[in-house]
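A short worksheet on the structure shown next.
Just so you know, all these numbers are worked out from the coordinates, no wet-lab data involved. It should be emphasised that the depicted structure is a prediction, and the values quoted were computed from it without experimental measurement. Here Cβ is always computed from backbone atoms with ideal geometry, including for glycine, and neighbour counts include all displayed protein chains.
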Amino acid sequence: MHRTAKTIAAFSLAFAGAALADPVEDTLVIEGGDGETIEIVTSAPAPAHLADVMDTIYSGWLYREDETRDLQRDDFDNPGMLYVDRGLDLWNSAIGKGGESCAGCHQGPETMAGLRAVTPRVDAKTGALMTVENYIDACVTQRMGLESWNWTGNEMKDMLALISMQSRGMAVNVAIDGAAAPFWEKGKELYYTRFGQLEMSCASCHEDNQGKFIRADHLSQGQINGFPTYRLKDAGILSAQQRFVGCVRDTRAETFKPNSDEFKALELFVASRGNGLSVEGVAVRH
Amino acid sequence: MVEEVKPRVKVPKSAAAGEIVTIKALISHTMESGQRKGSDGNLIPRKIINRFTCDLNGVNVIDVAIDPAVSTNPYFEFDAKVDAAGDFKFTWYDDDGSIYEDVKPINIG
């Protein structure tokens, strides 16, 4: 922390006014259960649609302090795994009206591998933009005959954490063309729209000023490849759209709701900015 | 917060005789401090893990008294010298009288 602050100060003197991007240089290899290791890509060349904006994309992991980064190196230390475990219990339990369980149709959660890496995506049948939560909700309401889970409630986020974990280490690769294009354009428009009394857009912090400090917070590129993430501040799991709520609220605006068309489109656009980074399953951030 | 209490421990599968190994123990627990007020304005009663112990083959390795300032999901990491194969026994004591236990074997070799 101190070192980073000093680095900033030194750079500021050297390049006054220049945009600074100073994520740490570090590599993330996660020690999973049973001695397996997973290499995580935390920096990658920017996808083509960002060519005018930035050269390299960085996971938010590289913007956090040493202690926070270390928590993610070992699954045992990662508090998010508690929620993944809980998601697994939920996956295997017969919670449906007719005694259905997730495992009944889908077998093990590993059948969900790859889903997190390509969502949000447009469903070929319905033409709707689907996040992982939308898929969970479809199963819960249509196949299990239950009421929708609260979008940011425990059940939804436990399941989201479990499903996201199955794609850990895979490269984010959301489609932005074809049927997804109109959603992506809408998301892009939202990203660059200034909201709230402070009149800030997503780009104000995460594009124009990433790498700098906003008070004590080190501004990242706002990548969501690590989501859902265990947030130390909340001592709980946070979904990407929940984070959007926090960001928009901080601009002193009335926020959109999780699962609103706006946030779904924004999630697609922000996810596409991370095409090439690894899904981190359940990351740890502060 | 994770409401259900679930202990997790990480112990190496084997060690050389006399080796010092690192042990990690985590339990999901709200650790309600007893200082907070609920939405009805009344104090939420204290409910924390107040003691944690680890024994190796019946010999105590660590015995921790825990107070309300310890945060949710308490995590302990400590070293233990392993002279012979056996079982690590972990015990967490809850304010409500519940006792949570976990056992992990370790081999010499």
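Can you give the angle from 0 to 90° between the axis of helix A:154-165 and the longest principal axis of chain A, with both taken from C-alpha atoms, to the nearest 10?
It is inclined by approximately 70 degrees.
Averaging over every viewing direction, what projected area does the convex hull of the Cα atoms of segment A:120-207 cover, in nm²? Write out the running numbers ahead of the final one.
Numbers: hull surface 32.0 nm².
Averaged projected hull area, Cα only: 8.0 nm².
Any idea what angle helix A:240-250 forms with the longest principal axis of chain A, computed on alpha-carbon atoms, 0 to 90 degrees, nearest 10?
The helix A:240-250 is inclined about 40 degrees to chain A.
Hey, what does the equivalent ellipsoid look like for segment A:153-278, semi-axes from the Cα gyration tensor as sqrt of 5 times each eigenvalue, largest first, whole Å? Spell out each step's value before the answer.
Working: eigenvalues 92, 71, 47 Å².
Square roots of five times the eigenvalues give 21, 19, 15 Å.
Can you tell me the relative contact order of chain A? Whole percent, Cα pairs under 8 Å, sequence separation 6 or more.
Details: 524 pairs, mean separation 75.5, N = 286.
Computed value for chain A: 26 percent relative contact order.
Treating only the Cβ of Lys, Arg, Asp and Glu as charged (+1, +1, -1, -1), what charge dipole size does chain A show about its Cα centre? Round to the nearest 20 debye. Please list the in-between numbers first.
Working: 27 positive and 40 negative charges, 141 e Å.
It comes to approximately 680 debye.
Give me A:Tyr63, A:Tyr191 ranked fewest to most by other Cβ atoms within 10 Å of their Cβ, as a rough exposure proxy. Kindly include the intermediate steps, with their values, before the conclusion.
Working: A:Tyr63 24, A:Tyr191 18.
Placing the least packed residue first, the sequence is A:Tyr191, A:Tyr63.
Just subtract the alpha-carbon distance of B:Asp67 and B:Lys104 from 0.36 nm times their residue separation and send over the number in nm, one decimal.
Details: separation 37, 0.36 × 37 = 13.32 nm, distance 2.62 nm.
Working it through step by step, the gained length comes to 10.7 nm.
Can you find, among A:Leu238, A:Gly274, A:Gly196, the residue farthest towards the positive end of the dipole of chain A? Put +1 on the C-beta of Lys and Arg, -1 on that of Asp and Glu.
The one lying farthest along the dipole's positive direction is A:Gly196.
Could you tell me the largest-minus-smallest coordinate of the C-alpha atoms of the protein assembly as shown on each of the three principal axes, in descending order and whole angstroms?
65, 64, 52
In debye, nearest 20: dipole of segment B:1-59 around its Cα centre with unit charges on the Cβ of K, R (+) and D, E (-)? Present the calculation step by step, with values, prior to reporting the outcome.
Details: 10 positive and 6 negative charges, 17 e Å.
Computed charge dipole of segment B:1-59: roughly 80 debye.
Anything over 31 Å Cα to Cα? Flag those among A:Lys264/B:Lys37; A:Lys257/B:Lys37; A:Lys233/B:Lys13; A:Lys212/B:Lys37; B:Lys6/B:Lys37, in the order listed. Write out the running numbers ahead of the final one.
Values: A:Lys264/B:Lys37 36 Å; A:Lys257/B:Lys37 28 Å; A:Lys233/B:Lys13 34 Å; A:Lys212/B:Lys37 38 Å; B:Lys6/B:Lys37 25 Å.
Going by Cα-Cα distance, A:Lys264/B:Lys37; A:Lys233/B:Lys13; A:Lys212/B:Lys37 fall outside the 31 Å limit.
When only alpha-carbon atoms count, how far does chain B stretch along each of its three principal axes, as whole angstroms with the largest first?
58, 21, 19
Sorting A:Trp61, B:Trp92, A:Trp149 on the 10 Å Cβ count, fewest up front, what's the list?
Lowest count first: A:Trp149, B:Trp92, A:Trp61.
Which ordering of B:Val9, A:Val132 is given by a fewest-first count of other beta-carbon atoms within 10 Å?
Details: B:Val9 18, A:Val132 24.
So the ranking, lowest neighbour count to highest, is B:Val9, A:Val132.
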